[in-house]
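Shown next, in structure tokens, is the structure this report addresses.
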């Protein structure tokens, strides 16, 4: 049986697990060294692999906060954006990160070139970038997923002058020009940093004598072979929350609609499972206010956690959103929900006296006994979390749909279970369960759920296929594939081509044959009419290898 | 910097519904609009909020129409959703969740008249009217103005509000002598108790942005100013566009956005527009940006050529003259009314209605009680070549006691076996009765 190493380098903690024979053989949790993530990674790795026969190790998966940190802390490279916008939304309404050069050229919604780019304009721009010592750039065209030729031509002209160029159409097959710009910008801005990181990781693995498949976790809860991740590093942002959801999936037997909560010190992350499958963001994840096209699991992070500051004013208790330090019981400056749990005897950690002292302050303002105040704080914390969960489910159920069939037959989410991980999970569980009307499960090994999630996540991929039989073209936007098709090309043909291409792509990105669970997530076919005659078909498909666990580790098996 | 507004968007393209597979009103009508709206990133603006449409009920439709024999026989789920989408847009505005809203829904409705034997002009039920009566039912009596900017005369909406002095129906459209449905001339001013609250502005073929904006500034806005509506509804048809395959006008995406900005409707509802690749994507982006108070100055069709869409000096002069005439009619509406009714106690009008989509012919006689206190009791006797002959008694919203009493007495005294069906519609008490006759 194979041995798998999973590591999640999070913002605060680094978790790691060594899995063998469907069992957690070893686990560890350490404080992350924010200054040196590689160090954090190597330390836990050394600890877990000590005394092991590393020949048995068959798979290493890393989830790291390196890309996220670089963006959130603004430690990114200086980049330039070259935008082929054409008419439409005003440039003043697009967030160009102050780095944009708008150039001529225009592609319309069908991918037809309406205005050409001007090679001389691009040449001049190249000289300007050189003078400004810009090394990394992003090239983004409106509707470039329908026809990437402008982006490709600009790259060909500028390529020799720059270190790296990120191309907009490779980021995602979704339509959304402003998001494509943001995504490409972020990709270009972290490209150097991420590449250095990968080089270091690969060097370290080599140093260990390890030559096993090594993966990086993406925001969609899927993995990608580390050497294939360097072209689009931005897809590794926000892998932390994804790791946590995948962890819950691997530790619980969730096959129904369910709620997954990760209650941390500062925040609580909420995710919803539909028939046991985590939901993806409709367009892409948002990071630090930047809306992107990065495929990611849908999570909602709220500013309520075990260490949130508790206040009482205007006759009501407020939890968070800020965290001013650890709980009072651990020497923190203010009362927190954790202190309330300690006072109520629901958890036995930290210094009980200090907790009681902090809660007394609230009790005095409320004019009730300390235990009553503690109870009220716990109640308020759970009520806040529940109301956010309910709102999120409502939002998902009220998401606009565009067909009569979906309007009338569309699935309504109705969660039947609640899974909770994180420090205060157990203490809050019964109250949250009764408020949300679901039985609660708290998985074992929940403290290293992220590392387990990373270890067992399968490789995912997605393609967006558009066949236009009038123009006789088939394109797969995010792969830059454009091929000619015969006029009689059908939806069935499109499905066959799409499945084949997705399979190839997923294998190339590190998927194993047994993990290729392919599904069609969008499937539309329209007639194209000219003067009341059908002149062609417009076939639109989206296919994915859906997020899930690698074969042999089906839901709930690891314990 | 313009002031941004919070705009609700109800987008329902009904990708699985068509009149027939090659009909202009077919599945992919809003496909390229969706592509453009998504690609421009409009749904990511904090002040543009997308809502899922509700589904209109049978009661919502019976409040407006007389459907023969009943609602379920003339509508499909798609109509209930498109009317429901308009209602959702209205709800968001009335509850002040947004400043204005756009129901970008299909199928359209502005050719559907009060009596519905079938589909005409691609419309089965009138989605704006269903929305308006929903607003009145739930938010009280309102003075409402409908400004129909579709290229075809909004004859359905005109018919429904022909006798309602509290609903101002303004339609600007390509001259009825050159386009379906062949009506909408400036002499059509409304029924005996609502003379002047129907305003028709026919425009000659090849009118461009300049002509549309001229009548907006010189007729529509001044009349709105005087009518003082609580709400302005725009029936936002998009077939005045220079690329539309079934009309002959020269309106542009910029023109539509400017018109919307100046009109500043509380609610806009999509009507026609069949240049699905070359107009709708750009026109809709322009309208959404204008409603949200965002810069639309860069919105332009890829093939836009200013010189090619300019109107002739002759057309400009013609439009100026028409505009003056129409505004005069509005100004003189009281004296026109006096001349029209004279000493009559009832006013009758006869109509021949052709349902082009379903191929039905209808003969109709409408009798209105002359009344100074409300829109007046309306009785409609209608016969269609489907074999159905019906009688409908309609007590208007905000009815006076006299009209109500007479309507109720008349309903009680009817010999029902002369008709296939007899209907009694009471808008104030929201009662709708249908009796099967012979």
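Readers should treat all values here as calculations from the given coordinates under stated rules, not as data from a laboratory. In this text the structure is predicted, and so the values were computed from the model without any measurement. Note that we place each Cβ from the backbone using ideal geometry, even for glycine, and neighbour counts take in every protein chain shown.
Remarks
- Percent breakdown of C-alpha pair distances by 20 Å bin, ordered from the shortest bin, for chain B: 27, 59, 13, 0
- Against the rule of thumb 2.2 N^0.38 Å, how large the Cα Rg of segment A:302-442 comes out: 1.24
- Working from Cα pairs under 8 Å separated by at least six residues, relative contact order for segment B:7-333 is 18 percent.
- Length-normalised contact order for chain A - Cα pairs under 8 Å, 6+ apart - percent: 15 percent
- Residue order, fewest to most beta carbons within 10 Å, for A:109, A:169, B:352: B:352, A:109, A:169
- FRET efficiency, 1/(1 + (r/R0)^6) with R0 41 Å, evaluated for residue A:199 and residue B:22 via beta carbons: 0.10
- Legend: P(r) of the protein assembly as shown from all alpha carbon pair distances, 10 Å bins from 0, whole percents, reading 2, 10, 17, 20, 17, 14, 10, 6, 2, 0, 0.
- Between residue A:256 and residue B:367, the simple spin-label model (points 7 angstrom out along Cα→Cβ) gives 6.5 nm.
- The Cα-based radius of gyration and maximum Cα-Cα distance (Dmax) for segment B:343-436 are 13.9, 40 Å.
- Comparing mean-square fluctuations of B:86, B:412, B:290 from a GNM of chain B with C-alpha springs under 10 Å, the top value falls on B:412.
- Note that segment A:79-192, at 20 °C in a medium of 1.002 mPa s, gets a Stokes-Einstein diffusion coefficient of 156 µm²/s from its Kirkwood radius over C-alpha pairs.
- Between residue A:535 and residue B:335, the FRET efficiency from the beta-carbon distance, with R0 = 60 Å, is close to 0.60.
- Enclosed volume per residue, in Å³, of the convex hull spanned by Cα atoms of chain A: 173 Å³
- What separates the Cα centres of segment B:389-426 and segment A:91-132 is a distance of 67 Å.
- Where labels lie 7 Å past Cα in the beta-carbon direction, separation of residue B:317 and residue A:379 in nm: 8.3 nm
- Ranked B:256, A:194, criterion: other C-beta atoms within 10 Å, fewest first: A:194, B:256
- Among B:16, B:209, B:150, the residue with the largest mean-square fluctuation in a Gaussian network model of chain B, with springs joining Cα atoms closer than 10 Å, is B:16.
- Taking A:554, A:460, B:178, A:292 and counting other C-beta atoms within 10 Å, the order from fewest to most: B:178, A:554, A:460, A:292
- Theoretical ellipticity at 222 nm over the protein assembly as shown - DSSP helices of four or more residues, -39500 (n - 2.57) apiece, nearest 500: -10000 deg cm²/dmol
- Label-point gap, in nm, between residue A:50 and residue A:73 - each point 7 angstrom along Cα→Cβ: 2.7 nm
- Within segment A:1-91, the proportion of C-alpha pairs whose separation exceeds 23 Å stands at 43%.
- Between B:316, B:82, B:413, the Gaussian network model of chain B with springs among Cα atoms under 10 angstrom shows the greatest mean-square fluctuation at B:413.
- Expressed to the nearest 5 percent, the antiparallel share of DSSP beta bridges inside the protein assembly as shown is 55 percent.
- DSSP assigns beta bridges within chain B; of those with both partners inside it, close to 40 percent run antiparallel.
- Taking N as its residue count, the alpha carbon Rg of segment A:218-352 over 2.2 N^0.38 Å: 1.26
- Secondary structure note: in chain A, about 70% of the DSSP beta bridges are antiparallel.
- Overall Cα dimensions of segment A:156-260, principal axis frame, Å, largest first: 53, 43, 16
- Overall form of segment B:1-122 per C-alpha gyration tensor (a/c, 1.5; a/b vs b/c): oblate
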